[in-house]
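S.K.: Before I ask anything, here is the structure I am working with.
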Amino acid sequence: MTRTVKLTEPLSRDAMDSLMPFHLELDDDGAIRHVGPSLKKLRPGIDLVGMQFYDVFEQRCRDGRVELARLRARVGQMLRLRFCNPPHTILRGQIVEFHGSDAVLVNLALGSSFREAISAYDLNVWDFAPTDPTVEMLFLIEANTTVTREWRNLATRLDMARSEAERDAVTDPLTGLFNRRGFDMALARAAAQEEPFATMVIDLDYFKEVNDTHGHSIGDAMLAQMATLLTEVMREGDTIARIGGDEFAVLLPGVTSQAKLQGISDRLLDQLHEPMTLGHGVDVLISASIGTARHKRLMPEQVADALSVADRALYAAKADGRGRARHAPVIQFPPETKVTEYMRSAR
């Protein structure tokens, strides 16, 4: 069913541009004599005025040029067009004749590819006639985009909050080092990799006396400086943690030599020969006792007790007069044997 449409009363160009922003006018030879403002945006940098209609558009799914005579024969019918040159944006439209004139008005609208066209040509709601159903689609697209963006922002904030909570769960707030939980997780990873590693436990000597004499704020400053010192002495890949009040632990991947552990311990003890300046005019000279252990292999169920070996060496260092390091022999626990059981059997 077709319906012949003729404009019996002339409309101003401004009115047609507002009501039909994608329209164009053809003269009686099929040349374009006016282009609506939104249609211009689909061919940026190209002046369509004066060009032949068939040099700009082609009928979709049909061969041959779209000449004026063929257009006039389809007055009132739905046209399906696309641009001859890329991008081949698909358009739909209708032919309208001017009463008493050979001129033709072609009123166009975006076809099935309107979403791609809106993005490609940066179109917005003001580029469409108020009654164009595309306007409603634009509102829906914008609403969907807004909701999607907010969901993504929320997901990002939740991920950041979760990551921050996970960091807080394994971080000592005073020193910024790992806490005992974080250190145990590093031990578990080392056990899973089945590679040799060493553990080191460091305990500050006479820390209680510093707290009792100068107060807890000075004691906290000492712990923070100790964390900085450990970070400077240890290797980049080592895991450093504060696992107790004045007790620190280090996991050293790949270290199998007692001589290397002694060298690291000596560097740390040498650094502690210099007084710590802790603020408020307080300089404190402290020392530390160190115990180390080397592990050829650690079973996952032995992780919880793995520091017991280095702890035992630490107690030996303290018993020998403090301010020194003692090293346990290389440990390779029998499979499915807990460290505490091994320690009892080794006495």
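S.K.: Here are Gly237, Gly219, Gly245: which of them is on the phi < 0 side of the Ramachandran plot and either among the polar types (S, T, N, Q) or touching a helix residue (DSSP H, G or I) at 6+ places or on another chain (Cβ under 6 Å) (or both)?
M.R.: Working: Gly237 fails: either among the polar types (S, T, N, Q) or touching a helix residue (DSSP H, G or I) at 6+ places or on another chain (Cβ under 6 Å) (or both); Gly245 fails: either among the polar types (S, T, N, Q) or touching a helix residue (DSSP H, G or I) at 6+ places or on another chain (Cβ under 6 Å) (or both).
Checking each option against the conditions leaves just Gly219.
S.K.: If a residue has to be part of a loop (DSSP other than H, G, I, E, B) and modelled with pLDDT of 90 or more to count, how many in the stretch 46-65 make the cut?
M.R.: 6
S.K.: Just to be sure I understand, how many residues within the stretch 84-133 are charged (D, E, K, R) and in a helix (DSSP H, G or I)?
M.R.: 3
S.K.: Would you confirm, using the coordinates I've provided, whether Thr228 is more than 26 Å from the chain's Cα centre (by Cα) and among the polar types (S, T, N, Q)?
M.R.: yes
S.K.: If you don't mind, there's one more thing I want to ask. Determine, yes or no, whether Ser113 is among the small types (Gly, Ala, Ser), under 30 Å from Thr145 (Cβ atoms) and at pLDDT 90 or above.
M.R.: no
S.K.: Inside the stretch 91-145, can you point out the residues that are touching a helix residue (DSSP H, G or I) at 6+ places or on another chain (Cβ under 8 Å), among the hydrophobic types (A, V, I, L, M, F, W, C) and within 23 Å of Arg13 (Cβ to Cβ)?
M.R.: Listed by number, the residues that qualify are Ile95, Val104, Leu105, Val106, Leu108, Ala109, Leu110, Leu123, Val125, Phe128, Ala129, Val135.
S.K.: Please specify each residue of the stretch 111-134 satisfying the condition of being open to solvent by less than 30 Å² (accessible area, probe 1.4 Å), closer than 18 Å to Met16 by Cβ and hydrophobic (A, V, I, L, M, F, W, C).
M.R.: Phe128, Ala129
S.K.: Of all residues in the stretch 66-83, which are in a strand (DSSP E or B) and open to solvent by 80 Å² or more (accessible area, probe 1.4 Å)? Steps first, answer last, please.
M.R.: Start the filter on the stretch 66-83 by keeping residues that are in a strand (DSSP E or B), which leaves 78-83.
Met78, Arg80, Arg82, listed by residue number.
S.K.: Are any of the residues in the stretch 9-21 assigned to a helix (DSSP H, G or I), under 22 Å from Pro86 (Cα atoms) and not acidic (Asp, Glu)?
M.R.: no
S.K.: I'm trying to understand the selection: among the residues of the stretch 142-177, which are without any contact (Cβ under 8 Å) to a residue 24 or more places away in the chain and assigned to a loop (DSSP other than H, G, I, E, B)?
M.R.: Across the stretch 142-177, the qualifying residues are Val170, Pro173.
S.K.: Between a first residue in the stretch 240-265 that is farther than 20 Å from Gly182 by Cβ and a second residue that is part of a loop (DSSP other than H, G, I, E, B) and among the hydrophobic types (A, V, I, L, M, F, W, C), which pairs have beta carbons less than 8 Å apart while being 6 or more apart in sequence or on different chains?
M.R.: Filtered contacts from the stretch 240-265: Leu261/Val255; Ile264/Met234.
S.K.: Looking at (1) of a type outside the set (Gly, Ala, Ser); (2) surrounded by 13 or more Cβ atoms within 10 Å (Cβ to Cβ); (3) at pLDDT 85 or above, which is the one condition that is false for Pro86?
M.R.: Of everything listed in (1) of a type outside the set (Gly, Ala, Ser); (2) surrounded by 13 or more Cβ atoms within 10 Å (Cβ to Cβ); (3) at pLDDT 85 or above, Pro86 misses just condition (2).
S.K.: Specify the residue that is nearest to Val75 (Cα to Cα); the eligible residues are those in the stretch 1-27 that are open to solvent by 60 Å² or more (accessible area, probe 1.4 Å) and modelled with pLDDT of 85 or more.
M.R.: Ranking the qualifying residues of the stretch 1-27, first place goes to Leu19.
The values are calculated or read from the model by the stated rules, or taken from the named source; none is laboratory data. Predicted model, so just to flag it, every value in this text is computed and none were measured. Counting neighbours? That spans all protein chains shown, and the Cβs are built from the backbone with ideal geometry, glycine included. When the accessible area is computed, the model is the full protein with side chains, heavy atoms only, and any ligands, DNA or RNA have been set aside. Shrake-Rupley method; radii C 1.70, N 1.55, O 1.52, S 1.80 Å.
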